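Shown next, in structure tokens, is the structure this report addresses.
The values are calculated or read from the model by the stated rules, or taken from the named source; none is laboratory data. Keep in mind it's a predicted model, so treat the numbers as computed, not measured. Here the Cβ positions follow ideal geometry from the backbone for every residue, glycine too, while neighbour counts run over all protein chains shown.
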Amino acid sequence: MTTSKLHALRTAGLVAIGITLFCSSHAQAKDVTSVQDVDNPARHFVQFGTTTLTNAFNPSGVGQTVFTVPAGKVLVIEYFSSACDASNGVTPTVMRLGTTVDHYFPFTMTGTSATQSNITRLYAPAGTNVNLTVFPTSNAATISCNASLSGYLLDQ
């Protein structure tokens, strides 16, 4: 094959590739459609918790309101975790997360420390107080906990 024929084939190939790329890029831009997830309305993400949950003043267990669901919203709690330390060799037994009903989460024990990490889906309607309560294995123990919750608010 002569040099001029090779040059002509290369040029024709480059032109064909250029036309293909030009056409496909215009076709993609023309076919773009905005999509909205109508099954899942807007979510307003929230995180809250406490570093002061203790039974020092109420040995049989202590509760604390950590969040109140605003008017016109529904709270969905998707993740809950806590870490507690106890005294006198007594560990916490369970953490209660209360919304319109109570949910109980056991701890993983390591000496007098206890932790938990929970993926969950709990719901609380507008006006509901989200309460956390920790219970020791005996009334003699003093327990201090850090707890965190994550989720989102939906319009009611």
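Structural remarks
- Total residues in the stretch 79-105, condition exposed (fewer than 15 other Cβ atoms within 10 Å of the Cβ) and either under 13 Å from Thr133 (Cα atoms) or not polar (S, T, N, Q) (or both): 6
- Single residue of the stretch 106-139 satisfying the filter (of a type in the set (Phe, Trp, Tyr) and either touching a Cys at 6+ places or on another chain (Cβ under 8 Å) or modelled with pLDDT under 90 (or both)) that is surrounded by the fewest Cβ atoms within 10 Å (Cβ to Cβ): Phe135
- Residue that is nearest to Ala42 (Cα to Cα) [pool: residues in the stretch 60-90 that are at pLDDT below 90 and of a type in the set (Ser, Thr, Tyr)]: Thr65
- The number of residues in the stretch 97-116 that are part of a strand (DSSP E or B) and within 19 Å of the chain's Cα centre (by Cα) comes to 7.
- The sole residue among Leu14, Leu53 that is modelled with pLDDT of 55 or more and outside any loop (DSSP other than H, G, I, E, B) is Leu53.
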